[in-house]
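Right, one structure below, let's go through it.
The values are calculated or read from the model by the stated rules, or taken from the named source; none is laboratory data. All values reported here derive from a predicted model rather than from experimental measurement. We place every Cβ from the backbone using ideal geometry, glycine too, and count neighbours over all the protein chains shown.
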């Protein structure tokens, strides 16, 4: 029995600490419903004036908390639809964020909320794109976080993909805390604008999200407008990271292909990422091929080898795309994620070189990185041939 | 050409202060013999607190502002103002009550000032205290209790190992 006492005390301390970490009361929320009603705000204002100016001796919020209470009354709660179809409500300003994904982190930085990031996944800590976060505490893998570590960092929200980590690995373990899980993908081009706007809304970064959306939408609209005059679309084969695996309708790669004016030859195949038969592809004989690669390259050696291997696949060297040097490598940095629009501009140029000769995707990429990411674009190979 | 440049400079100098004019003005009008209506008008303020101080010889009669948004203490009247552009109250005075003073605190910005203009100085309207005597949030004593428990646990574990 005696031996159990220290354990019990430690457990009590842990639970108390967890409660302290997760209990972030909203100032002036007298009834604890997380909403500042007009009556609650009025009472808080009068209590403050009474205490500060009328010589009253009752309790009152200090001015900083009162201002926060007024802000919350006016602007909260805020509800958004997440990528998993669930509505999620935020009741007060978000000051502490743990993003699990690089896509989400990139958008957070674009919206100017990087200073609110208090912890990251181990994957992000190793990502050269986010050097400023490398020294932050890590909370495990993006798809399997250590929720005890996560809770200890006391975030307001955790930003995750729509499907990953599973509910069992995340929401279920955060059930007794005030931490809200926000699930937004940022890898489906078709939903990018909505998701950026939703994140901007809950972060009170509406203007920043409008600016970001306006920036890339300008190029998407420009491409769309010019393509209206194209009656015959180019047939395109998009190959994923794995050889012979393509993308069908509704995937990010398909959406990019279509946005750039291509006709995805695999759009009607079964499954999102179907494996194709080489003979089938030779028979279809697409005009252009785009191979997606996992990461950008330090130099052209690797992508050149990859391209040569594609060209030397049995029977492929007589395909039009190979014969006409219209096989391109597009790296994941600008494929389907927040920078998908850069990839779309490259694709539009590959599909219709004359029509989009005036666009400079490299310059667009650089402008985005400098203006929205506040970093110089890395000196790496993002497409090949360049 | 010169006149346009002059006009442009004048606009640059004058327009921003006009656009950013934040504050509370006071207008007093006689509504009956020895009775006056005092109207406080907010400019570019959505949520604020206002405290009016009546001088000797001026008596507060009432207000059209919702009762639960007003608190009166002696010669001082506090108003909570949310999403309204004016507050009106009535006073009794044997003459025009020109020496009413007041302060306002904008609760959506860091602005505050004197009603009618000017910064809050070292007058009687300076806050008597700057922080609350008992914060409404947090768990008082929680940290202390936790610390005591930690010390106790360490002590007990230490004893167990010796």
*asked:* Could you tell me how many of the residues in segment A:187-203 are under 17 Å from residue A:98 (Cα atoms) and not in a helix (DSSP H, G or I)?
replied: 1
*Given the residues A:123, A:103, A:127, which is the only one that is in a loop (DSSP other than H, G, I, E, B) and more than 14 Å from residue A:204 (Cα to Cα)?*
A:127
*For residues that are within 14 Å of chain A (Cβ to nearest Cβ), over 12 Å from residue B:91 (Cβ atoms) and not in a loop (DSSP other than H, G, I, E, B), tally how many sit in segment B:41-71.*
11
*asked:* Tally up the residues in segment A:48-60 that are buried (at least 23 other Cβ atoms within 10 Å of the Cβ) and either touching a helix residue (DSSP H, G or I) at 6+ places or on another chain (Cβ under 8 Å) or more than 8 Å from chain B (Cβ to nearest Cβ) (or both), please.
replied: 3
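Each row is one residue, and each column tells you yes or no for (1) farther than 16 Å from residue B:104 by Cβ; (2) surrounded by fewer than 16 Cβ atoms within 10 Å (Cβ to Cβ); (3) in contact with a helix residue (DSSP H, G or I) (Cβ under 9 Å, 6 or more places away or on another chain); (4) modelled with pLDDT of 95 or more.
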position: A:36; (1), (2), (3), (4): yes, no, yes, yes
position: A:45; (1), (2), (3), (4): no, no, yes, yes
position: A:64; (1), (2), (3), (4): yes, yes, no, yes
position: A:75; (1), (2), (3), (4): yes, yes, no, yes
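So for segment A:116-138 (the condition being within 13 Å of the chain's Cα centre (by Cα) and in contact (Cβ under 8 Å) with a residue 40 or more places away in the chain), does at least one residue qualify?
Residues of segment A:116-138 within 13 Å of the chain's Cα centre (by Cα): A:124.
From what's left, in contact (Cβ under 8 Å) with a residue 40 or more places away in the chain: none.
Among the residues of segment A:116-138, not one is within 13 Å of the chain's Cα centre (by Cα) and in contact (Cβ under 8 Å) with a residue 40 or more places away in the chain, which makes the answer no.
Is segment A:218-234 home to any residue that is touching a strand residue (DSSP E or B) at 6+ places or on another chain (Cβ under 7 Å) and not in a helix (DSSP H, G or I)? Full working, then the answer.
Of the residues in segment A:218-234, the ones touching a strand residue (DSSP E or B) at 6+ places or on another chain (Cβ under 7 Å) are A:233-234.
Next cut, not in a helix (DSSP H, G or I) only: A:233-234.
Yes, segment A:218-234 has at least one match.
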*Odd one out for residue A:241 among (1) under 26 Å from residue A:325 (Cβ atoms); (2) not assigned by TED's automatic domain parsing to the domain that holds residue A:294*: (2)
*Could you tell me which residue of segment B:87-121 is surrounded by the most Cβ atoms within 10 Å (Cβ to Cβ), considering only residues that are within 19 Å of residue A:66 (Cα to Cα) and within 10 Å of the chain's Cα centre (by Cα)?*
B:107
*Output the residue which, of all residues in segment A:77-92 that are surrounded by fewer than 17 Cβ atoms within 10 Å (Cβ to Cβ) and part of a loop (DSSP other than H, G, I, E, B), is farthest from the other protein chains (Cβ to nearest Cβ).*
A:85
*asked:* When you scan segment A:251-261, do you find a residue that is touching a helix residue (DSSP H, G or I) at 6+ places or on another chain (Cβ under 9 Å), at pLDDT 95 or above, loosely packed, with under 14 Cβ neighbours inside 10 Å and in a helix (DSSP H, G or I), even just one?
replied: no
*So which pairs qualify, if the first residue must be in segment B:79-107 and more than 25 Å from residue A:40 (Cβ to Cβ) and within 14 Å of chain A (Cβ to nearest Cβ), the second must be crowded, with 19+ Cβ neighbours inside 10 Å and at pLDDT 95 or above, the Cβ gap must be under 6 Å, and the two must be at least 6 apart or on different chains?*
B:101/B:53
_Complete set of residues in segment A:1-34 that are under 18 Å from residue A:150 (Cα atoms) and modelled with pLDDT of 50 or more_ = A:23, A:24
